[in-house]
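Have a look at the structure below before the remarks.
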Amino acid sequence: MRRDAIRTISICVFRNGNRILAGEGFDSIKQQLFYRPLGGTIEFGERSDETIRRELIEEIKAEVTDLRYIGLLENFFIYAGEKGHEIILVYDGQFVDRALYEKTVIIGDELGSPIRAVWVDLNDRGPGKPPLYPTGLVELLQKDQ
């Protein structure tokens with residue numbers, strides 16, 4: 001993808017009480033751990049909800065159901081020293097395999113890179129805690145309750 005291009009993605013929030021499932025990320029330039037719900041780039045000709053289904057199978061081999069569109073976020077960020085710009089379609093969903101809600105950590109793989117997803121407590125955010133991206137997600141989820 002071009003550096004000056006806007007990336008359009010879909011992410012899905014899987015709720016487990018006050019927690020949501022989020023992949024761990026690390027910015028080596030900022031030396032910062034962060035969290036972000038799973039999902040990915042919407043491919044040409046693909047509906048945004050189809051992206052969620054495809055990405056979750058690819059990333060953690062999990063089937064999803066009951067997808068519900070929550071809203072849209074625009075995200076400007078710097079990752080690994082590079083500027084980024086995303087339009088993000090946010091969904092709520094459920095796992096078909098209910099046992100995934102009992103796991104502390106879910107390990108997966110995306111194109112040869114390991115994925116580690118954990119349950120992030122929405123009430124345990126703030127200074128000194130790893131950020132939850134994209135910016136505005138927590139507020140969007142609060143409006144959706």
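The values are calculated or read from the model by the stated rules, or taken from the named source; none is laboratory data. Note that the structure is predicted; figures quoted are calculated from it, not measured. FYI the Cβ positions are ideal-geometry reconstructions off the backbone, even for glycines, and counts take in every protein chain you see.
Pairs meeting the criteria (first residue in segment 116-145 and farther than 13 Å from Leu33 by Cα, second residue in a loop (DSSP other than H, G, I, E, B) and among the charged types (D, E, K, R), beta carbons under 9 Å, at least 6 apart or on different chains) are Trp119/Lys103; Val138/Arg125. When you scan segment 93-101, do you find a residue that is under 30 Å from Ala5 (Cα atoms) and part of a strand (DSSP E or B), even just one? So far as segment 93-101 goes, yes, one or more of its residues are under 30 Å from Ala5 (Cα atoms) and part of a strand (DSSP E or B).
Pairs are defined by a Cβ separation below 9 Å, a sequence spacing of at least 6 or placement on different chains, a first member in segment 32-57 that is free of Cβ contacts under 8 Å to residues at least 24 places away in the same chain, and a second member that is part of a helix (DSSP H, G or I); the pairs so defined are Glu43/Glu50; Glu43/Thr51; Glu43/Arg54; Glu46/Arg54.
When segment 22-62 is filtered for residues that are basic (Lys, Arg), more than 26 Å from Gln145 (Cα to Cα) and at pLDDT 95 or above, the ones remaining, listed by number, are Arg54, Lys61. In segment 63-110, the residue that is surrounded by the most Cβ atoms within 10 Å (Cβ to Cβ) out of those that are at pLDDT 95 or above and of a type in the set (Gly, Ala, Ser) is Gly93.
Scanning segment 111-130 for residues that are in a strand (DSSP E or B) and either modelled with pLDDT of 95 or more or over 28 Å from Glu43 (Cβ atoms) (or both) gives Arg116, Ala117, Val118, Trp119, Val120, Asp121.
Out of Ala62, Ala22, report the one residue that is among the aliphatic types (A, V, I, L, M), part of a loop (DSSP other than H, G, I, E, B) and either more than 26 Å from Gly112 (Cβ to Cβ) or touching a residue at least 24 places away in the same chain (Cβ under 8 Å) (or both).
Values: Ala22 fails: part of a loop (DSSP other than H, G, I, E, B).
Matching residue, one of Ala62, Ala22: Ala62.
Kindly evaluate Asp4 against the criterion of being in contact with a Gly (Cβ under 9 Å, 6 or more places away or on another chain) and at pLDDT below 95. Answer is no for this residue.
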